[in-house]
Each structure stands twice: as structure tokens, then as C-alpha cells.
Amino acid sequence: MSGICGILNLDGQPIDKPLLETMTAYLKFRGPDARGIWSDREMGFGHTLLQTTEESAAERQPYTLNGEVYITADARIDGRDELVSQLRTAGQSVSLCEPDVNLILHAYRAWGQDCLNYLIGDFSFALWDSREKTLWCVRDPCGVKLMYWARVGETFIFSNTLNCLRLHPQLSSQLNEKAIADFLLFDLNFNSDITTFAQIQCLPGGHQLTISGDKIRKKAYWTLPLPEQIRYRRDRDYIEHFQSLMNAAVSDRLRTPNASIFFSGGLDSTTIAATAVEETRKRNQTLDLQAFTVIYNHLVPDGEEKYAAIAAKALNIPLHLLAADDYQLYQGWEDQLRFPEPLNAPLAIVARDKLQQVFAHSRIALYGQGGDEALRIATIKEMLQGMRGDRVFIDVLHCLWGHRLKPPLGTGLLGKLRSQLGNSKPRRSPLPPWLNRDFARRLNLKERWQEINGHPLPLDRPPRSLSYHGLPPAPTWHALFTLYDPGCFGIPVEVRLPFLDLRLLNYLLALPPLPWCVGKQLLRVALSGKLPETICQRPKSPLSVDPVGVLANARPRPWYHRPTASQLEAYVDLAAWKALNSAETEHRQTWSSLRPASLNNWLQQLD
């Protein structure tokens, strides 16, 4: 993930070049391979390069085709063959060897801002058109790549790294209480436009900013589609279509001789690994793919090592294990970990060390996140609302006799169905007792809690509403993208998620829920014959005991006795919080009671 930044003076005055150089130099940890700066009076770009593809070896940024339009980008463009063909049809002289940033600029040259209709992949870029005196900032549809911005007087600044913006000498350190309130209530900020800093904004995924004169206009250019449901006559057609799209999603995310994969031995990561191995073999290419798994030997029951070892052996890929039993809550927060925003991840050091292991092998890590969300099973109510009744009946029979699967018709489902039909009241919960009362009253936090958590999710896109509520732009995804971004741990590893490939997502959302979403039957059938049945028929088995809960209730609690940051008391009733932490707490309360500790550790880094 390369580093990008820029400065635009809205009043036309020359930019502060030393500041641009300082901001660019700060981004060296993101891009150790090359550094470039370009400026022209009121506009300036900075870029640091992380080479992750064969084409990026020739890449130099900021980049221009004709001296009139400049770009700085952190981008991986997928479907390059098709895009190059479209560009040539549009009159652009372009080759398949071009770096990704070149393709973006050629696309802009051919179609202007409509080029977003042709670009797929993960990207965050800014483009300056000197002819129009217009700056255009874009974040990819799912928001995998980050983009932050701020207006300081008559100056607009941007970067894909939040702390890079904080280098501006006139940028205030004032905190955004709404973001802090969401963190203390929900673990993350549900407002995708703001950050924890009052002056720094976040550009949501699927959005663009256009800055012209002193006007800043934000607009969404993409929303998760609702494709028409696919109907094939043969089961094999569903599998072949899925495999062709998965092949493209994985292949586009490799383009390198060395790669890593976060590997649990579960269906999602194993599907990606099997696809990578098969595609490489088919193309007579060389790929050194290695798997990385976090395990627990004694702290909590854990079967990850068993399944990961079976799958890795079958695929003939090396498996690296990271035993996490001896880590402590908030380990490394005082001297090793410095997060751009509050993060309720008391064992973040484990994620950091996993990325360090990966970086010793490669700069790319494939990640299976997204498979669960894209294949979430619909309720019968959803199916009947979004599909013809006779079609649902036929699918149920196909599920029972064609795949020997039990459709979701049991008591548990009926209970959920009754709840969704309105026979139960919306969930209500008191606010955490440790919230500062004045803070809670001033920000109307009771209303905020009810707004986010107080009502069942609407069935707005049946029969796949659960998938739509779990996929980007759901706020949990921005938290995940931030955690694995180099701006969090300072490790230049690019995490890539094949299940968020737009071509694949469109297909998964168009599948009939029965039988393909029942227990992720699609993946099980696709893997059958390629891997042992132990893996293909593996039940989903997350950790039965939460390691954080075990450690939080252990004695002593050194993290609990750390000094209190000066600002914490404005948000937290310290006496109430200390009283709550004097006894053991159940899992749900454990995570809630750790939020003040996480916020305190982060605030101490600011003091």
C-alpha cells in the first residue's frame, strides 16, 4: 500500500513545499521503494512507492501523460485485459505492461470522471486537472484503500494516512466527541464521514470528492447492487461460474512470485489458497505461497491448527503458526503500538506480529474475510418476500433431496421469524454505567444507542438482506481495513480480499439462497475432490471461548492500573468504571468494560 498525500491552496497561492516534503517523507514506511514529489503553484502531490506487482517495478509517481493532468495513487486495478481492450477501443495507446496508475490516467483521458464505470480493484487516488483547476479524490467502491482529508483555512490536504495530515501545523488536535461516543458505545465509529479528530474527515468507500475553486463537493458513485437472481438448469453450472470468477479475483490479487495467506483451514481461506495453487499450476507460473495461522495451545480450546495443517499439507504449502497463549492484554501499547484512532483490540499485538511474520516472506497477504457475509443464509420470510412462493418450495425440495441439506426451517429460525414479524419488542439495553453522565446527556447517547442497536434490521433487499447489511459499506469494514492498513502498525504489507471482488460479489448476491448459502454449500461443492472431505465438510467452528474474556478476568490486571489520561474523565465516570472492573464480567460486558481502557491507552499517546 503506497503512501499518497497532497496540498491544494484554494485561494491560488503557492503551496508550502517544505510541508509537502515533510508529509511525503513521513509516508516512507508505506513505500520504501521510491519517493516522488510534484508541485505547480497552488497544487502539490507526494508519493512513496511499495512495489507489489510485476508492473509496479517501472512505476514512478506522481505521474502525468501530458503535463496537464497529474495523479498520485495507491491502487491495484483488476480485470486489466478487459480494461486495456476498452482503452484501445477508446483510442488510447496502452499496453498490458503499464503500471496500474497509468491505466487510471488513460481511463480518465478516455472517459473523464465516468472512468469509474470501467475501473475495478482497490484504489485510492487524487487527480489534478490543471486545465479545469480541479482536484478529484476517489476511494474504491468497498473502501479497502483509505482516504482522509481536511480543510485548514484556504488549504485542502489529503492522504491515505490519517497521521500524515496531522503534520499540518495549523491542524487542531481537538477531538470529535461524536466519534468517541460511538467508540464507547459500539467499539467503532458508525459515521463513515468523520474521524476521531474534529477537523479530519474520512472519504467513505464508493465516494468521490471534487474540489474546484473554494467548493468541495462529495458524491457517492457506487452502491452495493441488487442483481437479478441467477437460475441455471444444472448445479455444475453454478460451480463453474463461481470458480471462473474466483480464479479471476485471486489471480488479479497475485501478479507476484511471493504471496502469503491468512489461513485457518476454514472454507473461505482454503478456497482462496486452492484457487491460487490451481491457477498458478494451470498457467505454468511460479508462486511461493505460504500460510500463516494464529493458534492457541492451552489458553482456550482451539482446533485451527488441526484443520490448517490438513489443508496446508493437501495443498503442499508451508504453514507458519503463531501461538498466542502468552500474550497479555494491551501488550505493546506503551511503546510499540501507536494507532491513528481508538481501537478496542486489546490483543492487537497478535495481529501486528502476524503481519511481521508475513512481511518476512512477502508484501501481499490474501484474506478470506467476506465469504461469510456474502453467503449469509436468508430467512424463509425474506425468501417469500423476494421470490415467488413456488420457486421457494422447489428450492427447499432441491436442498433436501438434491444436496441432503436441512433448509433453515427449525425452531431457531421460527423464533427469529416471529421476532422479525414484530411479535417481540426491539432490543433495549441500558447505557454502560461508566459513561460520564454529562457527556451522555450532551450527546443524547440514549437516542444514539437506539438509533444503531434498538431495532431489528429492515428487510430492505430480500432475499439477501442479511448479506447487504453485513457487506461494505457496513462500518465494521472500515475498522477492519484500518486495522490491516500499514498506517496502523507501520508494516508495509498489502492485505487483499478476493471475496470483495466486485465481479464475484455480484455473482454471490445473485445466487438462489437455497441450497448454495446453507452452510456455504457453494464452497463445499467447489472444493470437493480438491481437498480432503475433513476440510470440505468442516463445520464452522469459531473459538468456543474468547481469549480476551479469559485474560480480562484473570488476576492481576496490570492494564487496569495504568495512569489515566487527562482527557478520559470527560467521557468516562472513573469511579463507576473501576467498580465494574473489580469483579468478573461476562463476555459481552467484558468487551464493553474494556473500551475505556482502550480509549485511555490511545489518549495517553496523544498527551
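The values are calculated or read from the model by the stated rules, or taken from the named source; none is laboratory data. Small disclaimer: the values here were computed from a predicted structure and weren't measured. With ideal geometry, Cβ positions are generated from the backbone for all residues, glycine too; neighbour counts draw on all protein chains shown. Each accessible area value is taken on the protein alone, full model and side chains, heavy atoms only, with ligands, DNA and RNA left out. Shrake-Rupley method; radii C 1.70, N 1.55, O 1.52, S 1.80 Å.
Which condition number does residue 170 fail, the rest of (1) free of Cβ contacts under 8 Å to residues at least 24 places away in the same chain; (2) in a strand (DSSP E or B) being met?
Only one criterion in (1) free of Cβ contacts under 8 Å to residues at least 24 places away in the same chain; (2) in a strand (DSSP E or B) is unmet by residue 170, namely (2).
Search segment 18-31 for residues that are touching a residue at least 60 places away in the same chain (Cβ under 8 Å) and open to solvent by 10 Å² or more (accessible area, probe 1.4 Å) and pair each with any residue that is part of a helix (DSSP H, G or I) and not aromatic (Phe, Trp, Tyr) when their beta-carbon atoms are under 8 Å apart and the residues are at least 6 apart or on different chains.
So the pair list comes out as 26/163; 26/164; 29/486.
Tally the residues that are at negative phi, modelled with pLDDT under 95 and open to solvent by 30 Å² or more (accessible area, probe 1.4 Å), restricting the search to segment 171-187.
2
Within segment 242-260, take every residue that is open to solvent by 50 Å² or more (accessible area, probe 1.4 Å) and free of Cβ contacts under 8 Å to residues at least 40 places away in the same chain and give me the one that is farthest from residue 511 (Cα to Cα).
Filtering first and then ranking leaves 257.
Output the residues belonging to segment 400-432 that are at pLDDT 50 or above and open to solvent by 90 Å² or more (accessible area, probe 1.4 Å). Write out each step before concluding.
Here is the first cut: in segment 400-432, the residues at pLDDT 50 or above are 400-409, 428-432.
Passing the criteria: 401, 404, 406, 428, 430.
Going by what's in this entry, would residue 251 be described as modelled with pLDDT of 95 or more and out of contact with any Gly (no Cβ under 9 Å at 6 or more places or on another chain)?
Criteria met by residue 251.
Take the residues of segment 344-363 that are open to solvent by less than 30 Å² (accessible area, probe 1.4 Å) and part of a helix (DSSP H, G or I): which is nearest to residue 289 (Cα to Cα)?
358
Would you mind telling me which numbered condition in (1) in contact with a helix residue (DSSP H, G or I) (Cβ under 8 Å, 6 or more places away or on another chain); (2) over 29 Å from residue 184 (Cβ atoms); (3) aromatic (Phe, Trp, Tyr) residue 333 fails?
Of the numbered conditions (1) in contact with a helix residue (DSSP H, G or I) (Cβ under 8 Å, 6 or more places away or on another chain); (2) over 29 Å from residue 184 (Cβ atoms); (3) aromatic (Phe, Trp, Tyr), the odd one out for residue 333 is (2).
Any residue in segment 116-126 that is out of contact with any strand residue (DSSP E or B) (no Cβ under 8 Å at 6 or more places or on another chain), within 27 Å of residue 80 (Cα to Cα) and open to solvent by 10 Å² or more (accessible area, probe 1.4 Å)?
Checking segment 116-126: at least one residue is out of contact with any strand residue (DSSP E or B) (no Cβ under 8 Å at 6 or more places or on another chain), within 27 Å of residue 80 (Cα to Cα) and open to solvent by 10 Å² or more (accessible area, probe 1.4 Å).
Return only the number of the condition from (1) in contact with a Pro (Cβ under 6 Å, 6 or more places away or on another chain); (2) modelled with pLDDT of 90 or more; (3) within 30 Å of residue 196 (Cα to Cα) that residue 603 does not satisfy.
(1)
Tell me which of these residue 245 doesn't satisfy, since it passes every other one: (1) over 20 Å from residue 134 (Cα atoms); (2) among the aliphatic types (A, V, I, L, M); (3) over 25 Å from the mean Cα position of the chain (by Cα).
It fails just one condition, (3).
Residues in segment 55-77 that are under 23 Å from residue 500 (Cβ atoms), open to solvent by less than 30 Å² (accessible area, probe 1.4 Å) and charged (D, E, K, R): how many?
Of the residues in that region, 2 qualify.
Can you go through 503, 496 and tell me which one is among the basic types (Lys, Arg), surrounded by fewer than 22 Cβ atoms within 10 Å (Cβ to Cβ) and at pLDDT 95 or above?
The unique qualifying residue is 503.
Kindly establish whether residue 318 is open to solvent by 50 Å² or more (accessible area, probe 1.4 Å) and either touching a Leu at 6+ places or on another chain (Cβ under 7 Å) or under 20 Å from residue 253 (Cβ atoms) (or both).
Values: open to solvent by 50 Å² or more (accessible area, probe 1.4 Å): yes; either touching a Leu at 6+ places or on another chain (Cβ under 7 Å) or under 20 Å from residue 253 (Cβ atoms) (or both): yes.
So residue 318 passes the test.
Within segment 232-241, is even one residue open to solvent by 30 Å² or more (accessible area, probe 1.4 Å), within 24 Å of residue 116 (Cβ to Cβ) and outside any helix (DSSP H, G or I)?
The answer is no; no qualifying residue exists.
Can you tell me which residue among 527, 594, 606 is open to solvent by less than 10 Å² (accessible area, probe 1.4 Å) and more than 30 Å from residue 120 (Cβ to Cβ)?
594
Among the listed residues 390, 335, 372, identify the single one that is of a type outside the set (A, V, I, L, M, F, W, C), part of a loop (DSSP other than H, G, I, E, B) and either touching a residue at least 40 places away in the same chain (Cβ under 8 Å) or surrounded by fewer than 19 Cβ atoms within 10 Å (Cβ to Cβ) (or both).
Among 390, 335, 372, only 335 is of a type outside the set (A, V, I, L, M, F, W, C), part of a loop (DSSP other than H, G, I, E, B) and either touching a residue at least 40 places away in the same chain (Cβ under 8 Å) or surrounded by fewer than 19 Cβ atoms within 10 Å (Cβ to Cβ) (or both).
Checking residue 271 against (1) of a type outside the set (D, E, K, R); (2) touching a residue at least 60 places away in the same chain (Cβ under 8 Å); (3) outside any helix (DSSP H, G or I); (4) open to solvent by less than 30 Å² (accessible area, probe 1.4 Å): exactly one of these is not met. Which one?
Here residue 271 clears every test but (3).
In segment 275-310, what residues are open to solvent by 50 Å² or more (accessible area, probe 1.4 Å), in a helix (DSSP H, G or I), touching a residue at least 40 places away in the same chain (Cβ under 8 Å) and farther than 19 Å from residue 538 by Cα?
278
What residue, of 41, 35, is without any contact (Cβ under 8 Å) to a residue 40 or more places away in the chain and more than 29 Å from the chain's Cα centre (by Cα)?
Residue meeting the stated conditions: 41.
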